[in-house]
Amino acid sequence: MKVVKFGGSSLASGEQFKKVLQIILSDTARKIVVVSAPGKRSQSDKKVTDLLIENAEYFLKYREINEGLLEQVVNRYSSIAEEVGIRTDIVSEIKADIKTKLQKDFKNEERYIDEVKASGEDNNARLLAAYFKEQGKEACYINPFEAGLFVTDQPGNAQVLPESYENLSSLKERSGILVFPGFFGYSKDGQILTFSRSGSDITGSILANAIKAELYENFTDVDAVYSANPFVVKNPKEIRELTYREMRELSYAGFSVLHDEALIPAFRAGIPVNIKNTNNPSAPGTKIVNTRTNTNGPVIGIASAKGFCSIYVSKYLMNRELGFGRKLLHILEDYNLSYEHSPSGIDDISIILREDGFGKEIEEAIISRIFNELEADEVKIERDLALIMVVGEGMRHNVGTTARASKALAGSGVNIEMINQGSSEVSMMFGVKEVDEKRAVISLYEEFFVSIPV
Ligand SMILES: Nc1ncnc2c1ncn2[C@@H]1O[C@H](COP(=O)(O)OP(=O)(O)O)[C@@H](O)[C@H]1O
Ligand SMILES: N[C@@H](CC(=O)OP(=O)(O)O)C(=O)O
């Protein structure tokens, strides 16, 4: 039994719906189909999720529905229904559903927005199930509440609750194709809550774990996971096999092809993940597995992400001071800030965090607390940083990878602001200025994938 997830790009139009049907028909093991909301049909198009957020924000501001904005969403569904020739009046039901959601209680704005934006996947799942049925396939829409997908009460950032797995396991007893909306679950009291953006990948992985699927297939719009972002490096090398650890590091640092939280449920149940292309389903895609066999060098991929900053703190004899790191992190916790990395030396430490949520006011308050409470000698904030992640299981057994990477960066004139070697030894992180991000990735790609390895 397989769980198959189709991303927004795979379900953006009627033509895409037809491809999805063919993919499902071509393999009887494809049992649970997880869907995203319709995505972009072209670079300049808008995702339905973004349109729904605009609708919700308009309503919060003006207390009325913006009919033009609502039509933009409804048109996406009606053009799909028209293209594939759905005969029922499902589009009117979809419009009524979005209208009801827009007019719901908005006292808690975050929860209100979650409810509206989750309707993108919910209605797409209803539409796809209706299409399958009209094509003579036994299929039904599954409501996540009825199926028991319960999550924490964290709007826009929900986490699955452990009992969901047991609840969802009974789905495998049901007959026909089950069409399950991705991206959201319910609190115990029936409130809709979404995962973080691009979270339909997470739903697929949870379901794969729950039914102990033989495979989790994640269909997107590229033939494979590439060794570098194809928007940064021209024609990057396709990766055939990756380990869970490698993919987690790469998706965390910018390989948006899979959500970085989507691997854990599949990994825990030992279920392989196959990234495949809806537009070219016969291509083998990329397999994500526990251990990989083929290796061709220390590095498998190079990822990068913008939007980071660092807090550098130095104090003579920091290494001898009991609880210094704990107190420092406690200050950040008081401002609801989590940290990403923390390279350190004997007398200094850098804390790397995401820039959003770390505004100027918080910055000033934190600096003064570090000086006053920790008696630091120096505190420096550096903004506009990009993290470059060099990833590969092979790095553990290869001497000199750091030296090669540093040399490549220096050779292209990129100044390294900081280095951090992950404790898992499958990744190496370089902090660089955002303006140098692309140059850094290209030079590292050339070093590890184009030049002859030394
Ligand atoms: N290293 C990479 N390999 C493959 N795709 C990547 C990589 N880095 C970024 N991407 C981007 O991820 C996109 C697919 O992810 P996403 O847009 O979330 O798809 P979906 O609509 O299927 O959810 C690709 O079109 C590609 O532009
Ligand atoms: N539609 C949601 C969830 C999702 O996973 O979408 P996509 O598969 O298009 O990345 C979002 O845009 O965040």
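Within segment 431-454, the residues that satisfy the criterion of being crowded, with 21+ Cβ neighbours inside 10 Å and assigned to a strand (DSSP E or B) are GLY431, VAL432. Going by what's in this entry, would ASN280 be described as farther than 14 Å from ASP201 by Cα, outside the structural domain of ARG439 (by TED's automatic domain parsing) and of a type outside the set (A, V, I, L, M, F, W, C)? Here the answer is yes, as ASN280 does meet what is asked. Flag: ILE300 does not match the condition of being within 17 Å of ILE381 (Cα to Cα) and buried (at least 18 other Cβ atoms within 10 Å of the Cβ). The requirement of being surrounded by fewer than 15 Cβ atoms within 10 Å (Cβ to Cβ), of a type in the set (Asp, Glu) and either outside any helix (DSSP H, G or I) or under 25 Å from the mean Cα position of the chain (by Cα) (or both) is not satisfied by GLU115. Taking strands (runs of 3 or more DSSP E) as the structural unit, those lying wholly within segment 179-270 and holding at least 1 residues that are surrounded by fewer than 20 Cβ atoms within 10 Å (Cβ to Cβ) and either within 16 Å of ligand 2 (Cβ to nearest atom) or not assigned by TED's automatic domain parsing to the domain that holds LEU385 (or both) correspond to 215-220, 241-243. Looking across segment 22-36 at every residue that is out of contact with any Ser or Thr (no Cβ under 9 Å at 6 or more places or on another chain) and β-branched (Val, Ile, Thr), the one that is farthest from ligand 2 (Cβ to nearest atom) is identified as THR28.
The single residue among GLY68, GLY39 that is farther than 20 Å from ILE177 by Cβ and within 12 Å of ligand 2 (Cβ to nearest atom) turns out to be GLY39. ILE177 meets each of the listed conditions (1) under 27 Å from LYS104 (Cβ atoms); (2) touching a helix residue (DSSP H, G or I) at 6+ places or on another chain (Cβ under 8 Å) apart from (1). In segment 208-225, the residues that are within 26 Å of ARG41 (Cβ to Cβ) reach residues that are within 7 Å of ligand 1 (Cβ to nearest atom) and open to solvent by 10 Å² or more (accessible area, probe 1.4 Å) with C-beta atoms within less than 8 angstrom, at least six apart or across chains, in these pairs: THR220/SER9; THR220/VAL257; ASP221/SER9; VAL222/PRO230; VAL222/VAL257; VAL225/PHE255; VAL225/VAL257. Does segment 108-128 hold any residues that are within 20 Å of ALA12 (Cβ to Cβ) and either among the charged types (D, E, K, R) or without any contact (Cβ under 8 Å) to a residue 12 or more places away in the chain (or both), and which are they? The answer is LYS117, GLU121, ASP122, ARG126. Among the residues in segment 161-181, are any within 12 Å of ligand 1 (Cβ to nearest atom) and of a type in the set (S, T, N, Q)? Scanning segment 161-181 turns up no residue that is within 12 Å of ligand 1 (Cβ to nearest atom) and of a type in the set (S, T, N, Q).
Here is a yes/no grid of residues against (1) open to solvent by 50 Å² or more (accessible area, probe 1.4 Å); (2) free of Cβ contacts under 8 Å to residues at least 40 places away in the same chain; (3) more than 27 Å from MET428 (Cβ to Cβ):
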position	(1), (2), (3)
HIS330	yes, yes, yes
HIS341	no, no, no
GLU364	yes, yes, yes
GLU378	yes, no, no
VAL391	no, no, no
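Note on segment 150-178: among residues that are within 16 Å of ligand 2 (Cβ to nearest atom) and open to solvent by less than 10 Å² (accessible area, probe 1.4 Å), the one that is nearest to GLY254 (Cα to Cα) is ALA158.
Once segment 23-38 is narrowed to residues that are among the polar types (S, T, N, Q) and in contact (Cβ under 8 Å) with a residue 60 or more places away in the chain, the residue that is farthest from ligand 1 (Cβ to nearest atom) is SER26.
Could you list all residues from segment 1-30 that are touching a strand residue (DSSP E or B) at 6+ places or on another chain (Cβ under 9 Å) and either open to solvent by less than 10 Å² (accessible area, probe 1.4 Å) or hydrophobic (A, V, I, L, M, F, W, C) (or both)? Once the filter is applied, which keeps residues that are touching a strand residue (DSSP E or B) at 6+ places or on another chain (Cβ under 9 Å) and either open to solvent by less than 10 Å² (accessible area, probe 1.4 Å) or hydrophobic (A, V, I, L, M, F, W, C) (or both), segment 1-30 yields MET1, VAL3, VAL4, PHE6, GLY7, SER10, LEU11, VAL20, ILE23, ILE24, ALA29.
The test for being modelled with pLDDT of 95 or more and in a helix (DSSP H, G or I) holds for LEU168. Cβ-Cβ distances below 7 Å connect the following pairs, each with a first residue in segment 154-178 that is more than 25 Å from LEU128 (Cα to Cα), a second residue that is open to solvent by less than 70 Å² (accessible area, probe 1.4 Å) and part of a helix (DSSP H, G or I), and a separation of six or more residues or different chains: PRO155/ARG111; PRO155/ASP114.
The values are calculated or read from the model by the stated rules, or taken from the named source; none is laboratory data. Keep in mind it's a predicted model, so treat the numbers as computed, not measured. Heads up, the Cβs are rebuilt from the backbone with ideal geometry, glycines too, and the neighbour counts pull from every protein chain shown. Only protein heavy atoms, including side chains, enter the accessible area calculation; ligands, DNA and RNA are left aside. Shrake-Rupley method; radii C 1.70, N 1.55, O 1.52, S 1.80 Å.
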